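Data first, discussion second: the structure below is written as structure tokens.
The values are calculated or read from the model by the stated rules, or taken from the named source; none is laboratory data. Remember, predicted model here, so these are calculated numbers, not experimental data. For neighbour counting, all protein chains shown are included, and Cβ atoms are generated from backbone atoms with ideal geometry for every residue, glycine included.
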Amino acid sequence: MRDAFGGVANLVIIVVFLTLVSGYLAFNVNYTKAFRVKNKIISLYEQYEGEQCYHNDTSECNIKIRDYMNALGYDAPYLNLEGYNCYYGYCAKKFETEKVDDSVTGDTKKKAYYNIVTQINIDIPIINKILPGLKIFQIAGDTKPIVIGIG
């Protein structure tokens, strides 16, 4: 009788261990996808100087972002942050800096940078019900300052 109980206990330990390892690996894969998507969005915002991507969901920039997300298999449709412009799978917020005088040309340049947020998509109903707004599953990054106007 004691040997039968020991076998069941060992089996439970093995199943729990395999579940934890599988969950860890799934989390890492989804984290990598969200991180890569965030980096691609930042580079496209810098390439298109931000405004085209930020204000227009059907722009060439956002089409490239969506194509990259689909190619990578990234999907986070429920990301919605207060104060951010949210598109399918990511959110962006514009922060304007003070005007800076260029000592060489004498022009006044206004710069802005964009904060980009992506989400690690963990679609486990129990965790989503218990912790719906957990911020630990979001990845944020900023673009370099972009010149938005000369005046």
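Is it true that Gly83 is closer than 26 Å to Ile122 by Cβ and among the small types (Gly, Ala, Ser)? So Gly83 passes the test. For region 86-101, the set of residues classified as surrounded by fewer than 17 Cβ atoms within 10 Å (Cβ to Cβ), part of a loop (DSSP other than H, G, I, E, B) and not acidic (Asp, Glu) consists of Tyr88, Thr97, Lys99, listed by residue number. Looking only at region 45-66, count how many residues are modelled with pLDDT of 90 or more and assigned to a loop (DSSP other than H, G, I, E, B). Residues meeting the conditions: 0.
Annotation for region 93-111: no member residue is small (Gly, Ala, Ser) and at pLDDT 80 or above.
Please indicate, with yes or no, whether at least one residue in region 67-85 is in contact with a helix residue (DSSP H, G or I) (Cβ under 8 Å, 6 or more places away or on another chain), among the charged types (D, E, K, R), closer than 27 Å to Tyr113 by Cβ and not in a loop (DSSP other than H, G, I, E, B). Looking for residues that are in contact with a helix residue (DSSP H, G or I) (Cβ under 8 Å, 6 or more places away or on another chain), among the charged types (D, E, K, R), closer than 27 Å to Tyr113 by Cβ and not in a loop (DSSP other than H, G, I, E, B), one finds none in region 67-85, hence no.
Just give me the residues in region 124-148 being within 25 Å of Lys38 (Cβ to Cβ) and at pLDDT 70 or above, in sequence order. Within region 124-148, Phe137, Gln138, Ile139, Ala140, Gly141, Asp142, Thr143, Lys144, Pro145, Ile146, Val147, Ile148 qualify. Yes or no: Asn30 at pLDDT below 90, part of a helix (DSSP H, G or I) and within 19 Å of the chain's Cα centre (by Cα)? Yes; evaluated as a whole, the condition is true for this residue. Of everything listed in (1) surrounded by 13 or more Cβ atoms within 10 Å (Cβ to Cβ); (2) on the phi < 0 side of the Ramachandran plot; (3) charged (D, E, K, R); (4) out of contact with any Leu (no Cβ under 6 Å at 6 or more places or on another chain), the single unmet condition for Glu82 is (1). Only a single item in (1) within 22 Å of Tyr24 (Cα to Cα); (2) touching a strand residue (DSSP E or B) at 6+ places or on another chain (Cβ under 6 Å); (3) at pLDDT 80 or above is not met by Tyr74, and it is number (2). Determine if region 49-67 includes at least one residue that is over 24 Å from Ile120 (Cβ atoms), buried (at least 18 other Cβ atoms within 10 Å of the Cβ) and touching a residue at least 12 places away in the same chain (Cβ under 8 Å). Yes.
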